[in-house]
Amino acid sequence: MRRLSLSAGIFFIGLLGATSVQAGNESWVSGTGSDVGNCPRTAPCRTFQFAHDQTSNNGAINVLTAGNFGPVTITKPISIVADGVEAVINTAANGAAITVDAGDGAIISLRGLTIDLRGTNNIGINFFNGRALHVHNCAIRKGAEGIRFTPGGNSELYIADSAIADHTFNGLFVGPSGNTTAVLDRVRTENNGEIGMRFQGTAGITVDATLRDSVSAGNGTIGIVAVHFSASSTIKVMIEGSALLDNSTGVASDADGAVVRIGNSTVTGNNIGLRASGSGVIESYGTNKVDGNNTDVSGTPTPIDPK
């Protein structure tokens, strides 16, 4: 009997431990939740920040019902997931709706969020410390800048099925100080005051970006630009099957070490369609429609045959 009771006690303690771990790895928020406890599905919390603080590394914050969940500073590898539910952030803390300061190896995933900063001088997502950022099915609008991606180490950026619009400055600013790979699928940057998508780097690094089936339209200065702050950096941008419409300049490569390759894309309605300056290079695969701009080509883009 003693042996049986002892075994049962150990089993019960094990169950408690498993429950605690599970709660730590998966938390929940709701528009009618309360910031108490550890945010299980049966008693969801009210804000992303409180839920973040209850969630362990590599865990997930899930949105149960629609709501406005406030700003959050992310300091660990974590996911925030809103599937089929409207999850809004329209206030900022420390200058951003979402701040990522999560450590060199951290992977952050954001899905299904609406960040609407209502014309304030704040950033939608400010990622300055982490390994990788995944943004899927998000809308980011009406701030100073949509996404600012400036980590110090080697990093990765993935954005898909998202819209970044109506910002005072840049829609997307990619300016790391370590080697970076960026992949954008079906991303729209629209009506931003300066640049739709800006890719730049510092001394000795490579930024390698690929855009597919995307749109950059109505931006005040440039739709997509590759530029650097040091002659020893290499900025490579591949644009495939995309549209550059009604910007001051559609596509620009603005410095030595900056290379933009473009194919199967439409560049129209801009003041300047394609602009290569400052020893920057634009290579066209000859499968583009560059027409209907006030000036279709400025500088000497290099024609290359499709491969």
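The values are calculated or read from the model by the stated rules, or taken from the named source; none is laboratory data. Here the structure is a predicted model, which means the values were calculated and not measured. Please note: Cβ atoms are built from the backbone with ideal geometry, for glycine as well, and neighbour counts cover all protein chains shown.
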Conditions (1) under 19 Å from Asn192 (Cα atoms); (2) polar (S, T, N, Q); (3) within 13 Å of the chain's Cα centre (by Cα): number failed by Asn121: (3)
Could you list all residues from region 148-185 that are in contact with a Leu (Cβ under 6 Å, 6 or more places away or on another chain) and either within 20 Å of Lys76 (Cβ to Cβ) or of a type in the set (Lys, Arg) (or both)? Phe149, Leu157
Whichever residue in region 79-97 is assigned to a loop (DSSP other than H, G, I, E, B) and among the polar types (S, T, N, Q) and, among such residues, is surrounded by the fewest Cβ atoms within 10 Å (Cβ to Cβ): Asn94
Close pairs (9 angstrom Cβ cut-off, 6 or more residues apart or separate chains): free of Cβ contacts under 8 Å to residues at least 60 places away in the same chain in region 277-297, part of a strand (DSSP E or B) and loosely packed, with under 14 Cβ neighbours inside 10 Å anywhere: Val281/Thr302; Ile282/Thr302; Glu283/Thr302; Glu283/Pro303; Ser284/Thr302; Ser284/Pro303; Tyr285/Pro303; Gly286/Pro303
Quick check: is even one residue across region 287-302 at pLDDT below 95, hydroxyl-bearing (Ser, Thr, Tyr) and crowded, with 17+ Cβ neighbours inside 10 Å? yes
Restricting to region 187-207, give me the number of residues that are part of a strand (DSSP E or B) and surrounded by fewer than 17 Cβ atoms within 10 Å (Cβ to Cβ). 1
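Any idea which of Ser177, Ser109, Ser162 is small (Gly, Ala, Ser) and crowded, with 24+ Cβ neighbours inside 10 Å? It would help to see each step written out before you state the result.
Values: Ser177 fails: crowded, with 24+ Cβ neighbours inside 10 Å; Ser109 fails: crowded, with 24+ Cβ neighbours inside 10 Å.
Just one listed residue meets the conditions, Ser162.
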Of (1) touching a Phe, Trp or Tyr at 6+ places or on another chain (Cβ under 9 Å); (2) modelled with pLDDT of 95 or more; (3) under 18 Å from Ile159 (Cβ atoms), Gln200 satisfies every one except (2)
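Based on what the data block shows, is Thr210 hydroxyl-bearing (Ser, Thr, Tyr), surrounded by fewer than 18 Cβ atoms within 10 Å (Cβ to Cβ), at pLDDT 95 or above and within 22 Å of Ile282 (Cβ to Cβ)? If you could, list the steps in order and put the result at the bottom.
On the way: hydroxyl-bearing (Ser, Thr, Tyr): yes; surrounded by fewer than 18 Cβ atoms within 10 Å (Cβ to Cβ): yes; at pLDDT 95 or above: yes; within 22 Å of Ile282 (Cβ to Cβ): yes.
Taking the combined requirement at face value, the residue satisfies it.
Here is a yes/no grid of residues against (1) closer than 18 Å to Thr181 by Cβ; (2) among the aliphatic types (A, V, I, L, M); (3) free of Cβ contacts under 8 Å to residues at least 24 places away in the same chain:
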| residue | (1), (2), (3) |
| --- | --- |
| Gly95 | no, no, no |
| Thr99 | no, no, no |
| Asp104 | yes, no, no |
| Ile107 | yes, yes, no |
| Asp116 | no, no, no |
| Asn122 | no, no, no |
| Phe127 | yes, no, no |
| Gly130 | yes, no, no |
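Can you confirm whether Thr168 is surrounded by fewer than 18 Cβ atoms within 10 Å (Cβ to Cβ), out of contact with any helix residue (DSSP H, G or I) (no Cβ under 9 Å at 6 or more places or on another chain) and in a loop (DSSP other than H, G, I, E, B)?
On the way: surrounded by fewer than 18 Cβ atoms within 10 Å (Cβ to Cβ): yes; out of contact with any helix residue (DSSP H, G or I) (no Cβ under 9 Å at 6 or more places or on another chain): yes; in a loop (DSSP other than H, G, I, E, B): yes.
Here the answer is yes, as Thr168 does meet what is asked.
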